[in-house]
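Some notes on the structure that comes next.
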Amino acid sequence: MTIKKISKKDMVKLLADWGLDSTVLIPSRDEGVIEMAEWDGKDISFLEWYRNTVIPPKSSFLPPMEEMFTFQKNGNGYSIEVSAEQRKRIIFGIRPCDAKAIAILDKVFMDSCEDPYYVSKRKNTMLIGLGCNKPYDSCFCTSSGLSPTESADVDLMFTDIGDDFLIEEITDEGEELLATAGAVKKASQADVASLKKARAAVEGMVTRKVDTKNIIEKLQASFGDSDYWEKAADKCISCGVCTLLCPTCYCFDICDELTKKHGARYRGWDSCGFSIYTKMPMENPREEKWRRVRQKVCHKYEFFPMNYGVIACTGCGRCIRSCPVNWDITHVLGSVPVEQPIKNR
Ligand code: SF4
Ligand code: SF4
């Protein structure tokens, strides 16, 4: 793999070059809320303050609310117009944990079924990773098989080495994208040594650890332990924030907006943390809070890995940072009883 580099001073030029052909999204701050948003063509101050987004980049593929189609009454029938995102996009600055989260969502929306709304956005979007240089205390990516500089799920990977970024070309598309960019040079041996040093330093900054060894078996064994799950769920107030902001959660609801002759269908984020999420005409299998908290944890660490072979938690720490009552998934994972009799499902 060829490693290249670019001076930070040349980043405006690089993004502007990419912007000629694609919409460039970068970390942006609006009233304190950070999310990936369209670049204005000038401002790269995020390189100074950015740690991670509050709203995860899944919102660029599975928006909080999106129009699926509109329909119109014509005589005796209806015509339908399907909404589709076709713009070419480049997301610059995605963190390794969030790129992994997109790879996890790909399994749901591209591999096990083809969701046309997700696929049209995903196929037209390149992911340009930016390694972390200041992880939060709540981050635990190294316990989820990742690292703050992991490059597996992006097209190009940028690592900060001071005045420059080193760039690894991960995919052919990434290599092609870089080939057309001015201001990019080949890295020297000394630069590559700096890359290794920068990586080792930042990995050491992720100090929160959680033991996920045999976690599937442990969760299976504890599934019926209602005492444990009631205690684990005790302080949760079911606000749903942890799931809405989780980069790998993908529950959605669908609703129609109707007027006399036309209407639109929308889908928007939903959460298994809400008590009415599983409400059915005859019953609600997760009416009690502890069942919903158990579902959230087991979905990520038991059901998803059993179905897809990968844990659906990247250790991004958003659920810890955003919880209004300091509920902490690492404490729950760290205290799952090893063996319990099945009492209550
Ligand atoms: S953010 Fe905290 S309080 Fe809200 S649902 Fe999640 S765990 Fe419960
Ligand atoms: S469960 Fe929490 S730490 Fe894991 S991916 Fe979701 S928000 Fe991040």
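What the table below lists for this structure:
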{"item": "Residue list for region 109-162, filter: within 16 Å of ligand 2 (Cβ to nearest atom) and among the polar types (S, T, N, Q)", "result": "S138, T142, S143, S144, S147"}
{"item": "Flag for D172 being at pLDDT 95 or above, over 26 Å from G317 (Cα atoms) and exposed (fewer than 13 other Cβ atoms within 10 Å of the Cβ)", "result": "yes"}
{"item": "Pairs with Cβ under 7 Å, 6+ apart, first in region 114-133 and among the basic types (K, R), second modelled with pLDDT under 95 and not in a helix (DSSP H, G or I)", "result": "K121/E85"}
{"item": "Residue within region 230-249 that is farther than 27 Å from T53 by Cβ and buried (at least 20 other Cβ atoms within 10 Å of the Cβ) present", "result": "yes"}
{"item": "Helices (runs of 4 or more DSSP H) wholly inside region 112-225 containing at least 3 residues that are among the charged types (D, E, K, R) and under 18 Å from the mean Cα position of the chain (by Cα)", "result": "116-123"}
{"item": "Residue within region 135-150 that is farther than 27 Å from H331 by Cβ and at pLDDT below 95 present", "result": "no"}
{"item": "Qualifying positions in region 30-81 - of a type in the set (A, V, I, L, M, F, W, C) and closer than 30 Å to T259 by Cβ", "result": "F61, L62, M65, M68, F69, F71, I80"}
{"item": "Odd one out for A103, checked against (1) over 22 Å from C316 (Cβ atoms); (2) surrounded by fewer than 20 Cβ atoms within 10 Å (Cβ to Cβ)", "result": "(1)"}
{"item": "Contacts under 8 angstrom Cβ, first residue in region 167-184 being on the phi > 0 side of the Ramachandran plot, partner of a type in the set (D, E), 6 or more apart", "result": "A183/D10"}
{"item": "Which numbered condition S194 misses (of (1) at pLDDT below 95; (2) within 16 Å of ligand 2 (Cβ to nearest atom); (3) surrounded by 17 or more Cβ atoms within 10 Å (Cβ to Cβ))", "result": "(2)"}
{"item": "Scope region 224-245; condition within 11 Å of ligand 1 (Cβ to nearest atom), closer than 14 Å to C298 by Cβ and not hydroxyl-bearing (S, T, Y); matching residues", "result": "A232, A233"}
{"item": "Residues of region 32-73 that turn out to be in contact (Cβ under 8 Å) with a residue 40 or more places away in the chain and among the β-branched types (V, I, T), as a count", "result": "4"}
{"item": "Residue check, L146 assigned by TED's automatic domain parsing to the domain that holds M65, crowded, with 21+ Cβ neighbours inside 10 Å, of a type outside the set (F, W, Y) and touching a Lys or Arg at 6+ places or on another chain (Cβ under 8 Å)", "result": "yes"}
{"item": "Options R292, R318; residue that is more than 8 Å from ligand 2 (Cβ to nearest atom), in the same structural domain as S222 (by TED's automatic domain parsing) and at pLDDT 95 or above", "result": "R292"}
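The values are calculated or read from the model by the stated rules, or taken from the named source; none is laboratory data. What you see is a predicted model, and the numbers here were worked out from it, not measured in a lab. Counting neighbours? That spans all protein chains shown, and the Cβs are built from the backbone with ideal geometry, glycine included.
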